[in-house]
Every structure is written in C-alpha cells, then in structure tokens.
Amino acid sequence: MDFSSTQRALESLQKRNPPLSPCVQSLAQSLLGTTRISDPAFLASTKEFLDIGTSDDKNEYLQEAATTTTTPTTRWEPLAVGFHLAAAFLQYSTAFFQQRAKDSSVVAADKCGDDAVGKNIQRNVKHIPTVYMDGPRVPLTVDSINDHGGKGDDGIQHGRVDSSTQEVANVGNDQQMDSFEEEIDRNDIVPFCEYIMIMCEKHLEHNEPRVRSLVAKVIGHHSNLGTALEGDDAIGPALIQQSIHLYNTVLDSLYEHLEAGRDTENKSKSSEGALDDTTGWRALETNLYGIGSFIQASGHRYFAFSGGRNGDVNGSDLDGVRADDKLLQSVEYCCVKHVNRHVRAAGISVLEQMVHACTSSLHELECFSMREIKDTSGHYMDMLLVPDSKLRQTIVEVLKTALGDNWSQVRMAGSVLCRVFFVAMLEYAERFPDQMMETRETWLMSLYPVLLPRMCLNRFYLAQGVKLYSHETWRTLFEKYKDYAGSGLENVAINAGAVCRYYTKMADADNHVVREAACQAIAELATKIGRSEQYTHYLAPYVISLLQALLMCFHDESWPVRDEACLACGTFCLAYPQECEPELPTLFSRWTEQLTDQIWSVREDAAVALGDAIEAYGSSMFDKVMEILKSDLSSAKKQPAMSREEYKRRQNDIAIHTDSQLYSCGSLAPKLRKGGAGRIGCSSCAVDREKAPWEATDGCIYLLRELCTRLCNPNDTGIILPDDVLLPVMTELVDTCRVKHFPQSDDLRTTLWKQLPFIAKALGKQRFKRYYLQMFLDMLIGNLDEKSSASQLSVHAAGQCAEELANLVGISIFRGRLEDDWQRDLFDEVIEKRRGMARTIPSEGFSPFGPAEAMLAMNPQGGDSPRPHMPMKLPTVPTNSSGFGMAESF
C-alpha cells in the first residue's frame, strides 16, 4: 500500500493481491473521479471504508471466505484507507477554517481571487507542524528547511510534509487545490469527528502497524481541527471536548500498557509466538504518537490542561501551568529503559512536542509588546529554563541516554530533540538578552558538561544521518547563536574534563561503531585543542588517560577501531610529544605491526602515524622507520607462488564457506572482543587469515610516500631525505613490484601507481625527472597494455599515474623518454581516453549525497578533476579559531 497521497492510496486498493472485494474496488474507483472533500459523498465513502474494515458483516471478503475452506481473515486495507481519507478531510478542514479566520471578510477573499485563496491554504497546510512518525528521518539542513516549508532557519521543525495535502481538495487524477467556492458543511463536522473518535478508540490496538500509525495521525489532525475552531461557539467546544476525550483515552491506554508489560497473556494479537525486542508492545507506540499529536495541536494551552487532567484546555491560570508529572515519568521510562527502539523514538517525539508547545506562545504573540510576551510566554519557557523544572530534568535524562543509544533511529530522534531544546532556549534569549545573559550559567552553561560530550561524539558517528545532522546542530548553536551559546572550541576546552571522561568511557563501549567514533573524537581533541596555544592547558591533565584509551583500542579486534586509534595516537604524539614518550615503544610496535595488516587502509594510516611520529621525535624515530622500510620493502618476493586459476578456485571453494558462522552489520550480530571482553560488532575478527608477505611491501609504499612528502623539502624536523638514501630504496621498490608470480601482484602495483604521483610532486619536477622517472617507465607502460593479464584496477591506476607524471614533467618530455614506438602510441591513446573521461565527470563530485567536506578533500583547489585518495595531513589550528566541527576538522 502506498499512502504517500490520497490518489495513490485509492489506486493501491485496486492493485492488491489477492484482490479486495468488488465493493471496495468500486468505492475506490468512484472516489478517483471528481469527488471533492467538501462533497458529503466523500464523508460517506470514508465511513463506508471504515465500516468495511471494522464490521465482519460488511466485509465481503470474509463472506466469500466463509463458503470455502480458507480461514477467514479480515482485510486491513479498507480500514487503513478509511483512516487516510479521514486524515485528509480533517487536515483540509483545518487549513480551510484557519484561512477563513484570517480573512477579514468574504469580500476581501473574493478580491484576491480563488487561486490566491487556494495557494494560501496550501501554504498554511504545509506549515502545520506535525509529529514525525514516518520511519527514519532525512535530516534537513538550514537552507532545505526553508525550502520545504519548515518553521524557519532555527531548525526546530524537522517533520516531513505529508504529500497528500497537495491534492486533498480533489481526489481525482492530477487535480490540485485551486478552488474553494463550496463551503464545508459545518453541520457534518461534529458528527463525523465523533464517529472518527469512536473508530480511533476501537482500532487503537489494531494488529496491523500501518493502521495504528494512521490512527495516531487522525488523532493529531482531529486535535488540530479543534484548535482551529476553538473560537467558533457553535462547534468549537464540542470538538475540543472530543479531543480531550481522545487524549484521556490514549493516556489511560498508555498507562495500562506500561503496567501490563509484555506478559504472554497480555501480548497483542500480532505477537503470538516467539517474542523479540520489536514485537508484543500492542498500542504503546501508537499511544505515544497520539499524545504527541495532541500536544502539537494544543500548543502552550496543553500545559494548562495537563496541570490538572480534569481542567479545561483553554484555562488561563498561568500559575498552574505545568507538565503532567505522571506522563513525564512514563515517557522517561519509555525513552530510557524500554527495550523496543520504536517505543523509545516515539517517546522522544512526545518530549519534542512539549518543547514546541513551550515555544508556541512566542510565535502566537508576535503582535504584542515585549513585556506582554514575556509575562505570558515566560511561564511556559520556565519549564525549559529553570533547573528544577520536571520537564527540563526529564529532557536532560532522556538526552543522556538517547544521544548514546545503540540504534541510529533513536540516536537520530535524540539529536533532533537536542537541537529543538537548545534552539528554543537560545531563541528566547535573543528576545530578552539582558536578563538571559545574566542567568546564562544557570539555564545554559550547566547543560554543557552533560550534553556537550555526546553532541561532540555524534559528529563522528558512523550513521551519516546522525553525523551530518549533528554537525548542522553544532554550527547552528555555536555560529548562529554564538553571542549566547559561546564558541564551540572554547566550551569544549572549558568542559575538557567531562568531554575526556565521556570519550574514555565510549572507547570501551560495547558497540564497535561507538569505539571508532570515540577514537576520531579523541584525535580531534589533540588536533583542535592540543595544538592551540590558547586552550592546550585545558587538555593537558587528561592526555595520559586519553592515550591509555587509545592504546586499549589499538588492540581492538575490529579493524576500523584499530585504524582510527592508530591515526589518533600519531596525532597525540604531534600535540603532546613529551606526555606520549613513555608509551613510544608500545606505539612503535603497534604501528609497525599495522603497517603489514591485511586491510589496506590500516596499512596506509599506520604509515601516516609513523610520519607523525617522525615529525614529533625527529632523527631517532627516523632511523627506526628507515630500518623497517629497508627490511620489509622486498617482502613481496617471498610471497608463495600461486596461479590466478588456483586463487579463483580457492575463493570459490564451497567446502571452505560451508557451515561457517554468518555475520551481519546489525546490533544483534556476533560480538567482537576487545582485550577478552565481549563487544558488539558486524564481523568476527577472531576468524582471521594470516598476513601475506606482499602486504608488508604494500605498507612500505605508503610509508615511502609519507617520508617523501614530509622530508624531501625543508621542514621543522631538520631531516632532509637525500638521494643517496632514497635512490637505493626506490630501486629496490621497482625491482620488487615487477614480481608476477601471485595474483595479488596487481594490487601491489595499483598501490604503487596511486602513490607515485605524490612522491614525484614531493621530490620536485627536476629531481624526479633526473633520477627516478626512467626507472618506472617500462613497468608503467607495460601495465597500461590492456591486452596483458593485468587487472582493470591496476590498468586504470597506471593510466592515471602516467597522466599525472606527464603533467608534472611535461607531456613532450615524458613521451620522449619512451623508447619504443608502440609505447608512445599506447601513451597517446591512454591520454586521449583520459581526457574524454575528464569531460564526463560532473564538477560537483561523484555523489550528491556526500558531505561538502568530502568533495573538498578530493579536490581542495575546487577544480573539475578529483584528486586521488590520500589522507590529508591534519592542519595546525590557529589560536583564534572558534570552530569545532567538520568544516574546521580533519
């Protein structure tokens, strides 16, 4: 079923297999004609769908199944479409009456024309904030929020607009909201809403999740309509009382579900049999979304009602404004302790709507004086600003857990709540700067030791949605609201103790993804704070504990964790050489061990870390590294011989891959151990292959690149790599890379061709052309010949290398160094082909989904051609830098 629009939902009914009853299909076809929402036939058809999905007597599918041996099964599709149509009617009616309330008279509306009225209503519908309940969130940047009709560049509104609102005026094909000449019959609204209320109560615990989700949406739209018509003495009070009744029903259901738990005698109809952490919770998630929808519709009036559940939602006693303590306690339990991730995310959405409700008074009182705004909205904002507030305490406790949740869905919901919470307070501070700046230590700075470490770490989390959204949150807080929130770098430095303790704890977390992010975050501390003269003293007391955490991760069985720990240790040696020196023997042993690792990126980053160590410790470290380079460079010659056919046969051997443990990337995968302790991961590194000799040579190529790029020109270490030292090493490298007695030799040459341009540029045009170019040409041109048995990866890498070397020394000079005519012809053919490839590469980069910083790393000059892969050297941070995010990080 497709519920992305009303038309598609009706069309889906006609495509279901097995087919639905002729009655349902006929009803759907009639609505796909010219029926308008304002037409009473639309409400009649909506009720018919709901009745068919509810009453067995009207379900023709059940009547047909009763005459056969097939077990009767109620079809949920008509019921779901009925609720979808009801939501469309309520949503349309809300926008219609809101627009009519804004118009001073019908004459004024006629002057602007029906088209203008229709467009205004469309915009009004889009701007209604909704509870997000449509699965994984797609994070919106500040600009895209404005483009998609969000509340503004404050980033508070993160819900996805329901596309069905764009075609709810006419259900027929390709008809949009363009005319509202027909009024909605007000006499139909109250009876229809009462009918909907009964249906929502009846199907609140339906065994189909999609029906339950639609019930929650209908509850929200019902509440929105009641709020829009609260000034209508004829029907407003009745609708509000219906909404209150629905809210109380849903709230009572929530308490009953939490009290019942998930015992076998109380489990839902859809969870018969084995129970895991995702089934058996009945309507708990639906209840939470329904409560959130009611809060969203009521706005700040909700708190006057929730202070005493028997009161009036329109109460004006501001001294009694408060959140329902029992509800907050229940929501906190759902968010923090409940085992089901969907329930945790739904609970977080309730708190998000409470924050929106606190700030709604600010938006509704725009035309009032600042004193009137403060006197009215201050009572609601105090629930967010006062440390003793139960709502504020609940939000902080939930964020402490949600921002570190093992499920990315919950972590994303927590990230949204975190931004909404901070932006709400900072927006209020902008309105009343004098008073808020005086009390900033109380309402803002006290949150930093608790939430800042978690916000920092999520900027390195593996899930791209969480990572990019967290970066956008960081920029929003510490750039847009810098006058009140302060500088990101300064706040991290001041709270270095809390940040370092949290990072150290996360470096020992169960989830290997979190450990990997912790290593990256620790490296950022060394880069941004450790190299800053202004803030380095804040981090100095914690260097030893951070280094010990990295050393622990250095022995992790998850190679991405080892990889990041390797790089981070090199960064710490650069920032704090004296503090790291006692651990240098251990570090050097681990670096050289990872230089021969089975994973190519681990080998490369080990070379980068050794390069950092040379810069930190000078000639003593350089001599040790050169010994390793000379001893391991020729290791590929020791690789056992193997034909390509034998290699493929071993890879496809069924016996080797039969009855083996299966692993996944989910959180329920087999555990990775770190130092003997159980850890959650996506593979078992205990099942490992032995290191191959050629991998040591491959690691030495990366190491040689680091030596050349750092030491071939004047540098801070005072070490210059002379030709009498480098020339024998390069000669040995060429001799070793000629080997072809094993299939992976192509991978070895691929690495050489990718790194040789960087080596050449570091040596300089004259030096490379004079001493080193000629020794690589024969092997390079031979690899370009596609008729050879070389892999396509090595052929492509050789072509790219030839192009870059030719551009460095000059194409005519490079071509003149080729001895045979066939070599020159082959070179000309490759260059022409690569020029054609360059014209087809889009200037914006390979993927529109990658962050802008990744595109910058590929091509820092901003040209059209991307540069080859190479880990960029971490820049030294200026002392006046105020950033602490991706754009200013590595």
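Solvent-accessible surface (1.4 Å probe) assigned to ASP325 amounts to roughly 80 Å². Ranked from largest to smallest solvent-accessible area, with a 1.4 Å probe on the protein heavy atoms, ASP735, ASP324 come out as ASP735, ASP324.
If you take the beta carbon distance between ASN713 and GLU645 as r and set R0 to 35 Å, what does 1/(1 + (r/R0)^6) give as a FRET efficiency, to the nearest 0.05?
Values: r = 47 Å, r/R0 = 1.34.
The formula returns an efficiency of 0.15 here.
Taking every alpha-carbon pair under 8 Å whose residues sit at least 6 apart, region 679-823 reaches a relative contact order of 24 percent. For ASN511, the residues whose modelled amide H falls within less than 5 Å of its own, excluding neighbours fewer than 5 places apart on the same chain, are ILE680. Rolling a 1.4 Å probe over the protein heavy atoms of region 372-516, with every protein chain left in place, gives an accessible area that is 49 percent carbon and sulfur. For TRP822, the solvent-accessible surface computed with a 1.4 Å probe is close to 130 Å², ligands and nucleic acids excluded.
Site pair ASP510 and MET775 shows an inter-label distance of 5.4 nm when each label is modelled 7 Å from Cα along Cα→Cβ. Accessible surface computed residue by residue for region 399-526, with neighbouring protein chains in place and a 1.4 Å probe, gives 29 Å² per residue. In this calculation the C-beta distance from ALA234 to VAL336 is compared with R0 = 51 Å, giving a FRET efficiency of 0.70. Per-residue SASA remark: ARG454, around 40 Å² accessible (1.4 Å probe; ligands, DNA and RNA not included).
If DNA, RNA and ligands are ignored and the probe is 1.4 Å, what is the ranking of LYS505, LYS769 by accessible area, most exposed first? Could the numbers behind the result be given before it?
Working: LYS505 140, LYS769 35 Å².
The residues order as LYS505, LYS769, largest area first.
Quick check: from the Cα gyration tensor, does region 770-812 come out rounded (a/c under 1.5), prolate or oblate? Here region 770-812 falls in the prolate category.
Take the Cβ-Cβ distance between ILE544 and VAL450 as r, set R0 to 25 Å, and report the resulting FRET efficiency rounded to the nearest 0.05. Using R0 = 25 Å, I get an efficiency of 0.55. These residues, SER360, SER545, go from largest to smallest accessible area, 1.4 Å probe, as SER545, SER360.
Exceeding 22 Å between C-alpha atoms, which entries from my cross-link table qualify? They are LYS638/LYS765; LYS467/LYS754; LYS467/LYS505; LYS326/LYS400; LYS467/LYS691. Intermediate results must be reported in sequence, preceding the final value.
Numbers: LYS638/LYS765 34 Å; LYS467/LYS754 29 Å; LYS467/LYS505 20 Å; LYS326/LYS400 20 Å; LYS467/LYS691 34 Å.
Long pairs (Cα-Cα over 22 Å): LYS638/LYS765; LYS467/LYS754; LYS467/LYS691.
The values are calculated or read from the model by the stated rules, or taken from the named source; none is laboratory data. Remember, predicted model here, so these are calculated numbers, not experimental data. We place every Cβ from the backbone using ideal geometry, glycine too, and count neighbours over all the protein chains shown. The protein model used for the area step is the full one, side chains on, heavy atoms only, and it has no ligands, DNA or RNA in it. Shrake-Rupley method; radii C 1.70, N 1.55, O 1.52, S 1.80 Å.
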